[in-house]
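Chemist: Below is the structure I would like to discuss, written out as structure tokens.
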């Protein structure tokens, strides 16, 4: 009986038919991990950029009125009229 078990494991050890499939599976898993890691890093960096831009827009809108926005021109502005 033990000889049969050793023969099965010996045959399994010498069988090379599934090696290529296993290599492709490992390579695919490695590429997938690399893609997911890169996408995660890119998403984090893009999220930070958009947060910074949103903060700048909020701080700009909460500060004094911009020149000429909605008729709130400073007193030194000159009115320009068109026509006769």
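The values are calculated or read from the model by the stated rules, or taken from the named source; none is laboratory data. Source: prediction; values computed, not measured. Glycine also receives a Cβ, built like all others from the backbone with ideal geometry; neighbour counts cover every protein chain displayed.
Chemist: Might you let me know whether the stretch 7-16 holds any residue that is surrounded by fewer than 10 Cβ atoms within 10 Å (Cβ to Cβ), at pLDDT below 75 and not in a helix (DSSP H, G or I)?
Modeler: yes
Chemist: Is it the case that residue 84 is surrounded by fewer than 10 Cβ atoms within 10 Å (Cβ to Cβ), out of contact with any strand residue (DSSP E or B) (no Cβ under 7 Å at 6 or more places or on another chain), at negative phi and at pLDDT below 75?
Modeler: Considered against the rule, which asks whether it is surrounded by fewer than 10 Cβ atoms within 10 Å (Cβ to Cβ), out of contact with any strand residue (DSSP E or B) (no Cβ under 7 Å at 6 or more places or on another chain), at negative phi and at pLDDT below 75, residue 84 comes out as yes.
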